[in-house]
Amino acid sequence: AEEEEEAEEEEEARRLQAEVVGSASPPLLSVPCRLVRLLSAQPGVLQLHRDAVRFLPDPPCEAEAASVAEDRSSCVEASSVEAARPRCWPLSLLDDVAQRRYLLRRVALELFLASGRSHFLTFEAKETRRRVHARLLSLCPQLQRRGATARWEGRDLLEARHAELVDDWRSWRISNFDYLMQLNTLAGRSYNDLTQYPVVPWVLQDYTSETLDLADPAVYRDLSKPVGALTDDRLAQVIERYEQMEAEADMPRFHYGSHYSTMGFVLYYLLRLEPFTSHHKALQSGRFDHADRLFHSLGQTYHSCTHSSSDVKELIPELFCLPDVLLNRNGLSLGTRQDGQAVDDVRLPPWASDAVDFVAKHRAALECDHVSERLHQWVDLIFGAKQRGPAAAGALNVFFYLTYEGTVDLSGLSSAEGRRALQAQIENFGQTPPQLFTSPHPRRRPAPPPPPLGAWP
């Protein structure tokens, strides 16, 4: 169905491009932009007409394509010449528009269609984004009625504009999974951009038992601590490192040099599914990474995240809803590890009979009372009060300074070499989400009692 929709969209875009080229009436607004899709940032022109938004890609010249093909230092630029085609989105189908960051700059918009699809556009300057956003609101009354004008960025966003969402979660009207997805969306995490992909927590720590008892508190990860501080040994290392950095004045102190969500980690988990397989290989010079570094076992991955000094990754939503991420249905030749094990389907914990069973139990763990009573603590670390400042330092939750917005601005660098180096850092080594709120997140209320017998419809 998705392939058919893509084909229909492509055909419509070709027809509308011909109309634009042959039309005597100019667009209401025309600005340069880039269309971001996973690893690609296709340069082109965004045109706003009274009935549609149109994206017309720049035709890549042969010299540009050759230059990009030879230089894979910037994955975004390297993919920008791929799959260039015009696109068109009728304004009548535009369901929402959200202001976004791109490479830690507030210069992007994400368009949400009634079909459920979304498209991520980035501009050269914040003022250009403001003009496009304002014109879209003026052309689409449905956006104003649905509150798109209230979707702004900044601290206290959740408290100021979305108290109803928090209450829906606290009152059990939405699930833990749905709440995390909405928080990710509010914080600008997008399925269109691998550098700021939605992030969700590890909730279990038992990947060795034959059975999984969700009533046993011992099977759960401590959600009040970052992944990098879950074991005593690692905790001591993190504290010692932070204290030793105190005398160094060349950069702010941090607990972790890596991040909990990066483009590489997303491709690590989604390796077995296209188009992520191809993107993974593109970043590895056309081949798969060494077998010992591929996603092979859930238990081993969790052990690495809680014991390795350079690995603090959290999870992605697919591990709670999509069994296919664990299966090598495409028969990929992923190699053999040094211990002699061939990498094929992801190795599951003994308590999961197959990939479907794992996802079902994993999702049940996320939604259980134990996690529901503590999920607000993890939200504080990632999106809230313990994300920045003294509270983050006290929670052992400070990451490398270039993962935070406001520490440096790409547009302010005069050196092209410096801009490329900083862009590569931002693209590859993680971006901390915008801080949604600064006061501690309230905990979930006790679960409501089940309805009495005979009350079911």
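Any read-out appearing in this document is the output of simple, stated calculations on the displayed coordinates, not a laboratory observation. This structure is a prediction, so every number in the text was calculated from the model and none was measured. Glycine gets a Cβ as well: all are built from the backbone with ideal geometry, and neighbour counts include every protein chain shown.
Grab the Cα-Cα distance for Gln300 and Leu332, subtract it from 0.36 nm times how many residues apart they are, and report the gain in nm with one decimal.
On the way: separation 32, 0.36 × 32 = 11.52 nm, distance 2.07 nm.
The Gln300-Leu332 span can extend by a further 9.5 nm.
Treating only the Cβ of Lys, Arg, Asp and Glu as charged (+1, +1, -1, -1), what charge dipole size does the range 172-316 show about its Cα centre? Round to the nearest 20 debye. Write down the numbers at each step before the final one.
Numbers: 12 positive and 19 negative charges, 118 e Å.
With Lys and Arg at +1 and Asp and Glu at -1, about 560 debye.
Give, in nm to one decimal, the length gained when the segment between Asp178 and Gln237 is fully stretched (0.36 nm per residue of separation minus the Cα-Cα distance). The partial results should precede the final answer.
On the way: separation 59, 0.36 × 59 = 21.24 nm, distance 3.49 nm.
Residue separation times 0.36 nm, minus the Cα-Cα distance, leaves 17.8 nm.
Please give every one of the lysines within straight-line cross-link reach of Lys361, meaning a C-alpha to C-alpha distance under 24 Å, and leave out same-chain neighbours fewer than 8 residues apart.
Output for Lys361: Lys225, Lys313.
Within the range 260-317, which trypsin sites (Lys or Arg not before Pro) sit in a loop by DSSP and count at most 15 neighbouring Cβ atoms inside 10 Å? Display every interim value, and only then the final one.
Working: sites: Arg272, Lys281, Arg287, Arg293, Lys313; in loops: Arg272, Arg287, Lys313.
Listed in order of number, the matching sites are Arg287.
So how far apart, in nm, are the two label points at Arg130 and Asn428 if each is 7 Å from Cα heading toward Cβ?
Using points 7 Å along Cα→Cβ, the separation is 3.5 nm.
State the extension gain, in nm to one decimal, for the chain segment bounded by Ser414 and Asp167, taking 0.36 nm per residue of separation less the distance between their alpha-carbons.
Values: separation 247, 0.36 × 247 = 88.92 nm, distance 4.66 nm.
Taking 0.36 nm per residue and subtracting the Cα distance, the gain is 84.3 nm.
When you count, for each residue, the other Cβ atoms within 10 Å and take the mean per peptide, how do 206-216, 117-127 rank with the highest first? Mind dumping the intermediate values first?
Details: 206-216: 13.1, 117-127: 17.6.
Highest to lowest by the protection proxy: 117-127, 206-216.
Would you kindly give the portion of the calculated P(r) for the range 392-444 that falls above 13 Å, as a percent of all Cα pairs?
Numbers: 935 of 1378 pairs.
Percentage above 13 Å: 68.
Set the Förster radius R0 to 35 Å, insert the Cβ-Cβ distance between Ala215 and Asp292 as r into 1/(1 + (r/R0)^6), and round the FRET efficiency to 0.05.
Working: r = 36 Å, r/R0 = 1.03.
In this case the efficiency is close to 0.45.
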